[in-house]
Amino acid sequence: MFEGHSFGFPGEKTGEVVFNTSMSGYQEILTDPSYKGQIVIMTYPLIGNYGVNEQDLESQNPKVEGFVVKENSPVFSNWRGSSSLSEYLTRHHIMGVEGIDTRALTKHIRVRGAMKAILSTQDLDRDHLIEKAKGSPASSAATWLRR
């Protein structure tokens, strides 16, 4: 279990947890259809510093279930930026978590392989969360990796 601080939209979401090692391009990652149903972890330590704009979308809306970062920048400083990452996630009902040791979590995933995960601002009971994650549907990518 990894604990962090919520940003973006509050609630509860399940999905396959995966990581991305890009230093930039988080907006493209959020809207990339290949991440449908997944909770994406960014290994680069500061995400959100250039904001979000309408020109860098891979599709019309975000496809991820959740977004996990070490540190979410509360302000953005790019002339093309039209909103902050947190505002964008909130607008599209995507949960964000910051304050996680994303490199430790990435190592955990690399050793254990694809796995189900849950993000929650509602139920904070460890045992309940584990059961909910175990009972969540497997993504097609997780099913493929187990074959």
The stretch 1-110 accessible area per residue, 1.4 Å probe, protein heavy atoms, integer Å², reads 50 Å²
Hey, with R₀ at 25 Å, roughly what FRET efficiency would Asp123 and Ser24 work out to, going by the Cβ-Cβ distance, to 0.05? 0.15
So what J values fall out for the stretch 43-56 if you push phi through Karplus, 6.51 cos²θ - 1.76 cosθ + 1.60 with θ = phi - 60°, rounded to Hz, Gly and Pro as x? 7, 5, x, 10, 10, x, 6, 10, x, 9, 9, 7, 8, 9
Label of the coordinate-derived value, Cα extents along the principal axes in Å, listed as [x] 96, 54, 25; [y] 44, 32, 25; [z] 55, 29, 21: [y]
Relative contact order [Cα under 8 Å, 6+ residues apart], the chain, whole percent: 33 percent
Expected unfolding gain across Ala104-Glu58 under the 0.36 nm per residue rule, minus the alpha-carbon gap, is 13.7 nm
Amide H contacts under 5 Å for Ile41, restricted to residues at least 5 apart in sequence or on another chain and with H modeled in the peptide plane, are Val18, Phe19, Asn20, Val68
MRE, 222 nm, helices only [DSSP H, n ≥ 4, -39500 (n - 2.57), over the chain, to nearest 500]: -7500 deg cm²/dmol
Which ³J(HN,Hα) values, rounded to whole Hz and listed in residue order, are derived for the stretch 8-21 from phi using the Karplus coefficients 6.51, -1.76 and 1.60 in 6.51 cos²θ - 1.76 cosθ + 1.60 with θ = phi - 60°, glycine and proline given as x? x, 8, x, x, 8, 9, 10, x, 6, 8, 9, 10, 9, 9
Share of the chain's accessible area from carbon and sulfur, percent, 1.4 Å? 51 percent
For Asn53, enumerate residues with amide H under 5 Å from its amide H, sequence gap 5+ or separate chain, H modeled in the peptide plane. Ser82
Under Karplus coefficients 6.51, -1.76 and 1.60, residue-wise ³J(HN,Hα) of the stretch 126-138 in Hz, glycine/proline x: 3, 5, 4, 5, 4, 5, 5, 5, 4, x, 6, x, 6
Folded to 0 to 90 degrees: helix 102-112 orientation relative to the chain principal axis, Cα: 40 degrees
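The values are calculated or read from the model by the stated rules, or taken from the named source; none is laboratory data. All values reported here derive from a predicted model rather than from experimental measurement. Cβ coordinates were reconstructed from backbone atoms using ideal geometry, including for glycine residues, and neighbour counts include every protein chain displayed. Just the protein is used for accessible areas: all its heavy atoms, side chains included, with ligands, DNA and RNA removed. Shrake-Rupley method; radii C 1.70, N 1.55, O 1.52, S 1.80 Å.
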